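To keep things clear, I will list the structure first and then write my remarks on it.
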Amino acid sequence: MFAASLHLMSDPPLRRPIPAEDYQSHLDRESRRFAAILAEVDPSVRVPTCPDWSAADLVWHLTEVQWFWGSIAGGSITDDDAIEAVDSDKPERPEGYKEVLALYGTARERLSTAVADGPDDTPLWSWAAEQTLGFTRRRQAHEALIHRVDAELTAGVPVGSLDPELAADGIDEVLSVMWAELPAWASFSPTEGVIRIEATDTGNAWTIQLGQMSGTSTNTGKTYDEPSVRLCEPGSHEPDAQVRGSASDLDQWLWNRGNHRIERSGSRAALDGLAALIAAGVQ
């Protein structure tokens, strides 16, 4: 719903980092729940949040993801040149659904073992600016969480609660990594619209500046000019609009996972800009 005026609050304390062992626990729990749900559904059922996929496609997707990152972490890969070999070493998709589920179980165990040990700052390849084991543990916990939600929506069962601390961390990841992190060849041009996003149950808040990311990729030669955001320092900007909700609702909303109780107030133009960014999906 839209409120007539902003309800502004003082800046909250910084988000508390999640310990490595907690990410590990979240990854294990969410990955197991994902498999348990999808083991009971018709493999041809469509995934409402990814309509081009069936339930079997969803299982295969997370199998591929967890196998890939299990290979990266298990091999302590730090070099871009080694990624092609990792890609070529992945298994073929089995024909039967039971066999796909079984291979997923292998990929899950393989990833869990690979990321279990080592300090967060252990060097490890990633597609992001942060090239560490800690980044991979974090990313894969959130990957499993969001796809667990997909599994529940596909099965038509109630979506289980999201751990508030993990969900708040998920909001932070979307805003600071998925949206605000720019490659070295890109530039950011602000447009009108500063939005404060507040997780009402955890007390965390983020302020983002809407804008455009532009530039030409030095890897592919492709030119980009598309909506983006910049994460603002706390207290540095007066927001034009505000979005509030529980960490669970906000995390799922930012990932386009269903309808949630989100309070929106302030500039309609700014809120429409954010809605368009969410509709485009997290890349």
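The numbers here are math on the coordinates, done by the rules we state, and not lab data. None of these values were measured; they are calculated from a predicted model. Neighbour counts are summed over all protein chains in view; Cβ atoms, including those assigned to glycine, are modelled from backbone coordinates with ideal geometry.
Does anyone have the angle between helix 20-38 and the longest principal axis of the chain? Alpha-carbon axes, 0 to 90°, nearest 10?
Taking Cα atoms only, the helix is inclined about 70 degrees.
Quick one: pull the percentage of alpha-carbon pairs in the stretch 165-280 with a separation above 22 Å.
31 percent
For a quick protection proxy, order the peptides 133-140, 179-186, 238-245 by their average other-Cβ count within 10 Å, most packed first.
Per-residue Cβ counts within 10 Å, averaged per peptide and sorted highest first, yield 133-140, 238-245, 179-186.
From zero outward in steps of 5 Å, how is the percent of C-alpha pairs of the stretch 20-160 spread across the bins?
Spelled out per bin, shortest first, that is 2, 11, 21, 21, 19, 14, 9, 4, 0.
Where a ≥ b ≥ c are the square roots of the eigenvalues of the C-alpha gyration tensor, would you call the stretch 142-233 rounded, which needs a/c under 1.5, or, failing that, prolate if a/b is larger than b/c, or oblate?
oblate
With the convex hull built on the Cα atoms of the chain, state its orientation-averaged projected area in nm².
So the Cα hull casts an average projection of 15.0 nm².
Relative to 2.2 N^0.38 Å, what does the C-alpha radius of gyration of the stretch 99-174 come to as a ratio? Two decimals please.
The value comes to 1.25.
Given Cα pairs under 8 Å that are at least 6 residues apart, what percent is the relative contact order of the stretch 165-280?
Answer for the stretch 165-280 is 28 percent.
Taking only Cα atoms, what is the 0 to 90° angle, nearest 10, from helix 97-114's long axis to the longest principal axis of the chain?
Orientation of helix 97-114: about 70 degrees from the principal axis.
Given a Förster distance of 35 angstrom, what is the FRET efficiency for residue 44 paired with residue 80, based on the Cβ-Cβ distance and rounded to 0.05?
E between residue 44 and residue 80, to the nearest 0.05, is 0.35.
Please report the antiparallel percentage of the DSSP beta bridges confined to the stretch 165-280, to the nearest 5.
Bridges in the stretch 165-280 that DSSP calls antiparallel: roughly 80 percent.
If one takes the longest principal axis of the Cα atoms in the chain, at what angle in degrees, from 0 to 90 and to the nearest 10, does the Cα axis of helix 55-74 lie?
Compared with the principal axis, the helix lies near 90 degrees.
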